[in-house]
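Note sheet for the following structure.
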Amino acid sequence: MPEMQTNPDLENTGIITIVPMKPLSESKSRLAKSFSQEDREELSLGLLRRVTEAVKASSIGELWVVGGDTRVRDAARNAGGQWIEEMGQDLNDTLGKAFERAFELGSAAMYLASDLPFIKASDVLSVQEASRQQNNISLAPARRDGGTNAILVPKGELFRPELGGKSFIRHLSQAAQLGISVAICYSPGLGFDLDTPDDLEAYEHMEPGLMERLLPGRFP
């Protein structure tokens, strides 16, 4: 596992937020009919910036961005976070290993999706608050496809991410099998992730000018 520097003021006290990323060249393939590869890459970076800004504004603890490429690395560092090379064979393997590392440092681990266009610091804090001082696992469901856009796991729990289609139900089932209590967080900025052209159209109505802010210079 790659060696990581940690903030000694946060170690053993806080939450480490983990945001996984693909290389930008592989990002947002479902938008290929609407955007060029260059624009999809810029869109993914714009979304990542929104997520990292919300995490840092929440002052909730450390931020790790895991995976991606050199531009993702630079964005993570510019946001005051730490960039870590890909750890596993796939998304869930990577997150599982990142969670284990956070637990080793004495912290709870929180997964956040990287493509949440409406996320604010209050949304990040709502996941922590739902955990009731980290006595519960907190889950934030995606509104559209049954996925999971945020997971907070108290340090040492055996629970591991099972992201993918209909993951929210799998997470509830896993927690029940482990006998771990779960809090469900419906904070507005955590419900909407951006994957499809339909998402783009709907979200532009919800926040006029959203795409111009995420892709500055693309629109007249």
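What follows draws every value from the coordinates through simple rules; no lab data is involved. This is a predicted model, so every value here is computed, not measured. Quick reminder, even Gly has a Cβ in these numbers, built from the backbone with ideal geometry, and neighbours come from all protein chains shown.
Numbers below:
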{"item": "Calculated [θ] (222 nm, deg cm²/dmol) that DSSP helices of n ≥ 4 give over the chain, each run adding -39,500 (n - 2.57)", "result": "-11500 deg cm²/dmol"}
{"item": "For the chain, built as a Gaussian network whose Cα springs stay under 10 Å, the top-fluctuating residue of Gly80, Gly179, Gly68", "result": "Gly179"}
{"item": "Burial ordering of Thr148, Thr17, Thr196, Thr94, fewest other beta-carbon atoms within 10 Å first", "result": "Thr196, Thr94, Thr148, Thr17"}
{"item": "Relative exposure of Ile137, Ile180, judged by other C-beta atoms within 10 Å (fewest first)", "result": "Ile180, Ile137"}
{"item": "Residues Ile119, Ile60 arranged by fewest to most Cβ contacts within 10 Å", "result": "Ile60, Ile119"}
{"item": "Lysine pairs within the chain, Cα separation less than 27 Å, 8 or more sequence positions apart or different chains", "result": "20"}
{"item": "Extension gain, Arg170 back to Glu104 (0.36 nm per residue minus Cα-Cα distance, nm)", "result": "21.2 nm"}
{"item": "Share, in percent, of DSSP beta bridges within the stretch 15-214 that are antiparallel, nearest 5", "result": "35 percent"}
{"item": "Label-point separation, Glu38 to Asp93 (7 Å along Cα→Cβ), nm", "result": "3.5 nm"}
{"item": "For the stretch 164-220 versus the stretch 25-75, the gap between their alpha-carbon centres in whole angstrom", "result": "14 Å"}
{"item": "Relative contact order for the chain, counting Cα pairs under 8 Å that sit 6 or more residues apart, in percent", "result": "22 percent"}
{"item": "Space enclosed by the convex hull of the alpha-carbon atoms of the chain, per residue, Å³", "result": "114 Å³"}
{"item": "Relative contact order %, the stretch 142-197, counting alpha carbon pairs below 8 Å whose residues are six or more apart", "result": "42 percent"}
{"item": "Positive dipole terminus of the stretch 15-214, leading residue within Gly46, Leu116, Ile151 (C-beta point charges)", "result": "Ile151"}
{"item": "Net charge contributed by nearby residues that have their C-beta within less than 14 Å of Leu24 (K/R +1, D/E -1)", "result": "-3"}
